[in-house]
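Asks: Take this structure, written in structure tokens, and hold onto it; I'll ask about it next.
Where a number appears in this text, it was derived from the coordinates with a stated rule and is not lab data. These figures come from a predicted structure and were not determined experimentally. No Cβ is skipped: glycine too gets one built from the backbone with ideal geometry, and neighbour counts run over all protein chains shown.
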Amino acid sequence: MGAATHSHTHRHIWLENGKEGEAFAADSARTRDELSFKKWAGRVDKYLSTMAALFWPTLIIVGGGVSKKSDKWLPLLTLTTPVVPAAGRNEAGIVGAAACVGSERPMAATTA
């Protein structure tokens, strides 16, 4: 099974190993599966490499709680797209959402 979206209520990225990308590479998976940062970085590398192949970004910015520990896993990634922690670390998503409130640009509608 190649990387593709799977249509349900939400859109998901499926990896070549048949795993749903976010569940496979999330920090919660590292904790749940008791993975070392090295083993977990391998999962993140697969997920981000798939995302890079689909979307061709020039930069990937990671946020959330794990961005505070980026020195333990970012150097282990092998994808060619640069990956950096968000400047706001764990607060990055909250700050981004707050920036959208009251903006003149409407947020994109999601489709089921």
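Asks: Rounded, prolate or oblate: pick one for region 13-88, where a ≥ b ≥ c are the square roots of the eigenvalues of its C-alpha gyration tensor, a/c under 1.5 means rounded, and failing that, prolate if a/b is larger than b/c, else oblate.
Replies: On the way: a/c = 1.61, a/b = 1.02, b/c = 1.57.
Verdict is oblate for region 13-88.
Asks: Below 15 angstrom from the Cβ of LEU76, what's the summed charge of the other residues (Lys, Arg +1; Asp, Glu -1)?
Replies: +4
Asks: In addition: Run down the lysines and flag those whose C-alpha is under 20 Å from the C-alpha of LYS46, throwing out any fewer than 8 positions away in its chain.
Replies: LYS19, LYS38, LYS69, LYS72
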